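The values are calculated or read from the model by the stated rules, or taken from the named source; none is laboratory data. Computed from a predicted model, the values in this text were never measured in an experiment. So basically every Cβ, Gly included, is an ideal-geometry build from the backbone, and we count neighbours across all protein chains shown.
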Amino acid sequence: MNESDVFARPEWYIFAMNNFIVISLPLHAVAFYCVLFKTPFHAKKYSKKLLYFMICAFITEIYLTKLMTPVILVPTETVTSYGILRSFNFPLREVTFIAVLLILMTGNSIVLVFYYRFIVMLPERNWIKRYFSENTRIAIIIFLHVICISFMLFFNYTTIPANQAKVKLEHLKRHPECVNPELFDPYALALSPFDDGETLIPFWFLAVL
């Protein structure tokens, strides 16, 4: 077995995900230290937004590498998990819901960082800075978070069918030669490849592809 075969094995992926924190934790610690203690006084307001992004990114990373460790099964549109939460038998639907929500919140925090960076760079008398008052900025932050949560609730209840056994059997019929054994693991969620009357997005999305 050559080196490329070793790195292509799923065991290597799970090992790398579980131990990635060894590299990332010191980097996060240095970044937190710089933002908290080395930020110039005139940039304190901006540093709070940057700190928010760093907290979101750090929590998301810990969640994906240690708590969830997601594995996507192809060609079936299925996700399973090998993280710590699986050991405690947390429902995978909720585990996946939280993972996608954290990813969206991290993306949301990146948008806010660039938004505040743009505002800080403007002169004090600039009309954009006067128009976007502090209350307006707070309203934008709340709006973006509401959008993230609303999208995730919609995603959760319109993409994952309740009758998983029926969906997995349909995947077996469609891909009998390359179905992963993990597909029939109870701790695996499959998207519906057909119009089952329950899900909304997967059938439409897969039909377009």
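Could you grab me the full set of residues in region 139-173 that are part of a helix (DSSP H, G or I), more than 20 Å from the chain's Cα centre (by Cα) and more than 30 Å from LYS48 (Cβ to Cβ)?
From region 139-173, those part of a helix (DSSP H, G or I) are 139-159, 164-173; that's our starting set.
This time we only want the ones that are more than 20 Å from the chain's Cα centre (by Cα), so: 139-140, 164-173.
Across region 139-173, the qualifying residues are GLN164, ALA165, LYS166, VAL167, LYS168, LEU169, GLU170, HIS171, LEU172, LYS173.
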>> Restricting to region 169-186, name every residue that is surrounded by 15 or more Cβ atoms within 10 Å (Cβ to Cβ) and without any contact (Cβ under 8 Å) to a residue 40 or more places away in the chain.
In response: GLU170, PHE184
>> I need the full set of residues from region 58-81 which are of a type outside the set (A, V, I, L, M, F, W, C), over 19 Å from PRO161 (Cα atoms) and in contact (Cβ under 8 Å) with a residue 40 or more places away in the chain, in order please.
In response: THR60, GLU61, THR65, LYS66, THR69
> Which residues, taken from region 73-115, are assigned to a strand (DSSP E or B) and more than 21 Å from PHE58 (Cα to Cα)?
Replying inline: LEU73, THR78, VAL79, THR80
>> For region 191-206, check the following and say yes or no: at least one residue is surrounded by 15 or more Cβ atoms within 10 Å (Cβ to Cβ), at pLDDT 85 or above, in contact with a helix residue (DSSP H, G or I) (Cβ under 9 Å, 6 or more places away or on another chain) and under 19 Å from GLU94 (Cβ atoms).
In response: no
> What is the number of the single condition among (1) surrounded by fewer than 16 Cβ atoms within 10 Å (Cβ to Cβ); (2) assigned to a loop (DSSP other than H, G, I, E, B) that LYS48 does not meet?
Replying inline: (2)
>> Looking only at residues that are over 30 Å from the mean Cα position of the chain (by Cα) and of a type in the set (D, E, K, R) in region 112-138, which one is surrounded by the most Cβ atoms within 10 Å (Cβ to Cβ)?
In response: LYS129
>> Can you find a residue that is in contact with a helix residue (DSSP H, G or I) (Cβ under 7 Å, 6 or more places away or on another chain) and modelled with pLDDT under 75 anywhere in region 14-35?
In response: no
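Got a sec? Which of PHE97, PHE53 is surrounded by fewer than 18 Cβ atoms within 10 Å (Cβ to Cβ), within 30 Å of ILE147 (Cβ to Cβ), in contact (Cβ under 8 Å) with a residue 12 or more places away in the chain and touching a helix residue (DSSP H, G or I) at 6+ places or on another chain (Cβ under 6 Å)? Please lay out each step first, then the result.
Details: PHE53 fails: surrounded by fewer than 18 Cβ atoms within 10 Å (Cβ to Cβ).
So the residue among PHE97, PHE53 that is surrounded by fewer than 18 Cβ atoms within 10 Å (Cβ to Cβ), within 30 Å of ILE147 (Cβ to Cβ), in contact (Cβ under 8 Å) with a residue 12 or more places away in the chain and touching a helix residue (DSSP H, G or I) at 6+ places or on another chain (Cβ under 6 Å) is PHE97.
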